[in-house]
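> Below are the structure tokens for one structure; questions will follow.
The values are calculated or read from the model by the stated rules, or taken from the named source; none is laboratory data. Computed from a predicted model, the values in this text were never measured in an experiment. Note that each Cβ is placed from the backbone with ideal geometry, even for glycine, and that neighbours are counted across all protein chains shown.
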Amino acid sequence: MNRILKKPTDAELLDRYAAGDESAFHEIVSRYKNSLYTFLKQFLNRQDMVEDIFQETFLQLFNSRESFDPNRPLRPWLFTIAANKAKDALRKAHRMSAIPIGTISESQEMSFDDVLNTLTSDNTMPYEELERGEISTHVAEIIKNMPENLREILILAYFNKFSYKQMAQILSIPIGTVKSRLHTAVARFAKDWKATTGSRKTE
Amino acid sequence: MRSLSNQQKQLLFDYCIGLASPEETAEVELLISSNKEAAELYAKLKSTFLPLESLEPESCPDDLVERTVGRLSNLANSSQQRLEQLIAAEKTRKVAFKSWFWGKRMAIAAVFLIVGAVFVSAYSSVITSYARQKSWQQQCQMQLQQIWHALNNYSSDYDGKLPTLASAAGEPWWKVGYQGKENHSNTRPIWLLVKLGYDKPADFVCPATPKAKTLQFDTLQVQSYNDFPSREYMTYSFKISCSNSASGKLVCRKVLMADLSPLFEELPRDFSESFRLRLNKDLLTLNSKNHRRRGQNVMFGDGRVEFIKTRFTNLLEDDIFTLRDTDIYHGCELPSCESDFFLAP
């Protein structure tokens, strides 16, 4: 009885997925649909691109099913595909001048102490003064306007809780770079958030 | 109180952003509770990340999930179709093999054609060479027949006698081209045919010899010559009559001329030298060099000219190039009888 109710592992699902089992398609897509959709929505912030990349990610997963190592967790692999496709889509859109240059440009990374100093210089966040919906809109706007490399790592780390090692694999960069880039992303967010709320206070 | 190390700051950062392990979490919580600086940093980090909590996970639209699963099914089906196509292609591989097989056969055929062409070319070359040799044999026969007619005309003009020149017994007959007063060449009687206008000099050069086409004859000097200018101008051997020859008449049983004797191909250029030749096995079997040793044209007394592949005529089984019972030649020997045909030099 227990065996019947047992949830299939990613590896088991992927075996069925690779074999063309439609129920496995449903299971895998359902298992990762929300996290992947959220990631793409935050990273791309364009509904048409989000839906395209969402579908292409799962199609790519199926096409590369034979190269998948069942001993590796499926989730980082799925996000690796999604991140790469999302970045390609952004670059393509940039070439077509559909996306502001600032959103895909990369930023210089800061030292950890500089990051912490940025946080400690002014910690007066008018969080309580804002409605939750209004906050989320501002946050989304700040994230949207962050450089691509900072936006990407902040989403992966804070919202998806990937470990440093997994982020290093997803982004194909060293762990040290992951850490320093994440510090920079947090400092950038804090700076932009302070700028946003500061301007609101003066209104 | 000691200030926080970078590792402790990193632990605080990881704790606030949610990347700390359970062990690290316990360590950080202890640190926050026991260290004022850590507590302050925690507060600042916490307030930094607080706005991010306002972003809640979004639910993926059901229609997007359905569309994705639909596309996956289509891809799987098309993949299955592709697999079936591959299987079908594999099944039709015999056709490809057949094509390859035919290709291989064509290649082999091409090789055979090339080899065949080479062989045909070589064979053609052989055929051409053979035809050329045949042509020279026939032309040689025609020249010998022309010489016979000249002899016949001469014989008619000189009471049925063949051209002869007086020579004493034991005198040499090998000095072809000797222009002295002595008749020391067996070609001198034949030279009379040229000198007296019964035949042209070119008829005495076998067309199969290498220099046949290049030899030039100064006809104005014919009268001043007592013999052919050199051996190149006379490539046939003529009958040496026996000392007691009964008749010089042209009769069918006589062998008068033939292509150059293999015994006397090399003669001393210096006529003052003596000549000596010992027969050996090769010299007893060789045919004339005029026609690549394949045989020789032999002219008979009745005007017949036959290409004979051996040195023996069918008349008396006599070797036309040797004397009977003679192994050593000094260039002055004569047949002992009329039936011992001996063509020289």
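> Taking into account only those residues within the stretch B:142-159 that are under 23 Å from residue B:296 (Cα atoms) and touching a Pro at 6+ places or on another chain (Cβ under 8 Å), which is surrounded by the most Cβ atoms within 10 Å (Cβ to Cβ)?
Top of the filtered list is B:151.
> Only one of (1) at pLDDT 85 or above; (2) farther than 30 Å from residue A:17 by Cα; (3) surrounded by 12 or more Cβ atoms within 10 Å (Cβ to Cβ); (4) aliphatic (A, V, I, L, M) is not met by residue B:162, so which one is it?
The one condition residue B:162 does not meet is (1).
> Further question: Just one of the numbered conditions (1) within 47 Å of the chain's Cα centre (by Cα); (2) within 21 Å of residue B:204 (Cα to Cα); (3) surrounded by 14 or more Cβ atoms within 10 Å (Cβ to Cβ) is not true of residue B:172; which one?
(2)
> Can you tell me which residue within the stretch B:9-61, out of those that are hydroxyl-bearing (Ser, Thr, Tyr) and farther than 21 Å from residue A:118 by Cβ, is nearest to the other protein chains (Cβ to nearest Cβ)? So that I can check it myself, show each step before the final result.
Let us first name the residues in the stretch B:9-61 that are hydroxyl-bearing (Ser, Thr, Tyr), namely B:15, B:21, B:25, B:33-34, B:42, B:47-48, B:54, B:59.
Going one step further and asking which of them are farther than 21 Å from residue A:118 by Cβ, we end up with B:21, B:25, B:33-34, B:59.
Working: B:21: 9, B:25: 13, B:33: 20, B:34: 19, B:59: 6 Å.
So, considering only residues that are hydroxyl-bearing (Ser, Thr, Tyr) and farther than 21 Å from residue A:118 by Cβ, the one nearest to the other protein chains (Cβ to nearest Cβ) is B:59.
> For the stretch A:155-189, which residues satisfy the criterion of being touching a helix residue (DSSP H, G or I) at 6+ places or on another chain (Cβ under 7 Å) and at the interface with another protein chain (Cβ under 8 Å from one of its Cβ atoms)?
Of everything in the stretch A:155-189, those that are touching a helix residue (DSSP H, G or I) at 6+ places or on another chain (Cβ under 7 Å) and at the interface with another protein chain (Cβ under 8 Å from one of its Cβ atoms) turn out to be A:157, A:158, A:159, A:164, A:179, A:182, A:183, A:186, A:189.
> Taking the stated definitions as given, is residue A:140 in contact (Cβ under 8 Å) with a residue 60 or more places away in the chain, buried (at least 17 other Cβ atoms within 10 Å of the Cβ), out of contact with any Pro (no Cβ under 6 Å at 6 or more places or on another chain) and at the interface with chain B (Cβ under 8 Å from one of its Cβ atoms)? Write out each step before concluding.
On the way: in contact (Cβ under 8 Å) with a residue 60 or more places away in the chain: yes; buried (at least 17 other Cβ atoms within 10 Å of the Cβ): no; out of contact with any Pro (no Cβ under 6 Å at 6 or more places or on another chain): yes; at the interface with chain B (Cβ under 8 Å from one of its Cβ atoms): yes.
No: the conditions fail for residue A:140.
> In the stretch A:33-52, how many residues are closer than 14 Å to residue A:89 by Cα and either touching a Lys or Arg at 6+ places or on another chain (Cβ under 6 Å) or more than 9 Å from chain B (Cβ to nearest Cβ) (or both)?
10
> Also: Of the residues B:101, B:112, only one is more than 18 Å from residue B:237 (Cα to Cα), at pLDDT below 85 and in a helix (DSSP H, G or I); which?
On inspection, the qualifying residue turns out to be B:101.
> Next question. Would you pick out the residues in the stretch B:128-181 that are aromatic (Phe, Trp, Tyr) and outside any strand (DSSP E or B)?
If we filter the stretch B:128-181 for residues that are aromatic (Phe, Trp, Tyr), which is where we start, we get B:130, B:136, B:148, B:154, B:158, B:173-174, B:178.
Result: B:130, B:136, B:148, B:154, B:158, B:173, B:178.
> May I pose another question? Condition first: modelled with pLDDT under 85, away from every other protein chain (no Cβ under 14 Å) and outside any helix (DSSP H, G or I). Now tell me which residues in the stretch A:53-80 satisfy that.
Residues satisfying the conditions are A:68, A:69, A:70, A:71, A:72.
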